[in-house]
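Working notes, beginning with the structure itself.
Nothing in this text is a laboratory measurement; each read-out follows from the coordinates by a stated rule. For clarity, every value in this text was computed on a predicted model and none was experimentally measured. Neighbour counts are summed over all protein chains in view; Cβ atoms, including those assigned to glycine, are modelled from backbone coordinates with ideal geometry.
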Amino acid sequence: MGKYFSAKCSQCGAGFRSESRSTLLKRLRKHIWSKHRAWMIGRIKAGQKRSNADNPAIQDLIQAVQKGSSRAAIAVAKQMTEGRYQQVKKVMDAVQPILPLKAQLA
Ligand SMILES: [Zn+2]
């Protein structure tokens, strides 16, 4: 018996087991996106609202993306500090699959 990482879906209690942490997280994320999409989107929106309170640049970035202007979004991203950019990038990676193709960052 090898060593396994395990996780449980917080929404439906489905269990996942994998030999590597990254595979486990990938499977869990895939499950959440296919089974609990609305909840996930709500969570991202709540996260955006929270970060907007102390970081208006994120709002600028999201507005630029919503308008479909990836050039404007990149310009905003370039003005950010590295740490802040990584934070934004995480949000962007999470919302990218649900954005129209033209709005996706290059
Ligand atoms: Zn679930």
Mean 1/r over all different Cα pairs, inverted: what Kirkwood radius does the range 5-50 give, in Å? 11.2
Fewest to most Cβ atoms within 10 Å: GLU82, GLU19 sort as GLU82, GLU19
Between TRP39 and PHE5, 0.36 nm times their residue separation minus their Cα-Cα distance comes to what? 9.8 nm
Could you tell me which of PHE16, GLY42, ILE32 has its Cα farthest along the dipole of the range 5-50 towards the positive end, charges placed at Cβ (Lys, Arg +1; Asp, Glu -1), taken about the Cα centre? GLY42
